[in-house]
Ligand SMILES: [Mg+2]
């Protein structure tokens, strides 16, 4: 069984500023500030990490940040429900077809490994017309501060919830940032970098993923890489 985990922003769906708006609104509601959110680099980070960084820069004590997290996530889910309209976001080239094909294979379990919290992850996918139900397990932005910690959590859920035998070398992590590549490498999984987000092919190459791909528009080639 091959476990294939996709990042969302810049990997399955094209980048948009809506996620930043959703988080800014939620932080403002709960803490009265979103810190330096307009200049902050979101790419590759978990929401848990972003919230921590923004609020500590704004001088909010750690204990208060931790105590406010559940309320922030609730506000994000509610705001996201409004802002991530149906058809509002756009899937990256070739993604819809590739996911459809992969979801029908008996030798594949599709998962998500994303910095988004679960609620906004699902909202974003639906908005881009990708069925969240194709992804049978995953790890999310509220699960860990550091992205490298997401994969072990996703594995644990694959074992527990799907009863899958997890094979480290049969796990593929696909993402658009150095953080996705690092997460795969640190945990012994196969790393595939895709240049549909904030990083070019050359920029991703510096982090030595096992494969780099421009986008998924060539389905045959994408499948070849995924099962090589
Ligand atoms: Mg991404």
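The values are calculated or read from the model by the stated rules, or taken from the named source; none is laboratory data. Since the structure is predicted, the reported quantities are computational estimates derived from the model, not experimental observations. Counting neighbours? That spans all protein chains shown, and the Cβs are built from the backbone with ideal geometry, glycine included.
Points to keep in mind about this one:
- On the stretch given as the stretch 213-223, residues that are within 16 Å of the ligand (Cβ to nearest atom) and either without any contact (Cβ under 8 Å) to a residue 40 or more places away in the chain or surrounded by 23 or more Cβ atoms within 10 Å (Cβ to Cβ) (or both) total 3.
- Failed item in (1) under 18 Å from residue 130 (Cα atoms); (2) not in a loop (DSSP other than H, G, I, E, B), with residue 93 passing the rest: (2)
- Reported count of residues in the stretch 1-46, each being away from the ligand (no atom under 12 Å from the Cβ) and in a helix (DSSP H, G or I), is 13.
- Under the condition of being surrounded by fewer than 19 Cβ atoms within 10 Å (Cβ to Cβ) and either in contact with a strand residue (DSSP E or B) (Cβ under 6 Å, 6 or more places away or on another chain) or in a loop (DSSP other than H, G, I, E, B) (or both), the residues counted in the stretch 111-125 number 0.
- Odd one out for residue 85 among (1) within 28 Å of residue 20 (Cβ to Cβ); (2) free of Cβ contacts under 8 Å to residues at least 60 places away in the same chain; (3) assigned to a helix (DSSP H, G or I): (3)
- Candidate set from the stretch 145-166 (those that are within 25 Å of residue 52 (Cβ to Cβ) and in a loop (DSSP other than H, G, I, E, B)); member that is farthest from the ligand (Cβ to nearest atom): 145
- Residues located in the stretch 167-212, provided they are more than 16 Å from the ligand (Cβ to nearest atom), assigned to a strand (DSSP E or B) and surrounded by fewer than 23 Cβ atoms within 10 Å (Cβ to Cβ): 190, 211
- Within the set 129, 167, the sole residue that is assigned by TED's automatic domain parsing to the domain that holds residue 222 and more than 23 Å from residue 96 (Cα to Cα) turns out to be 167.
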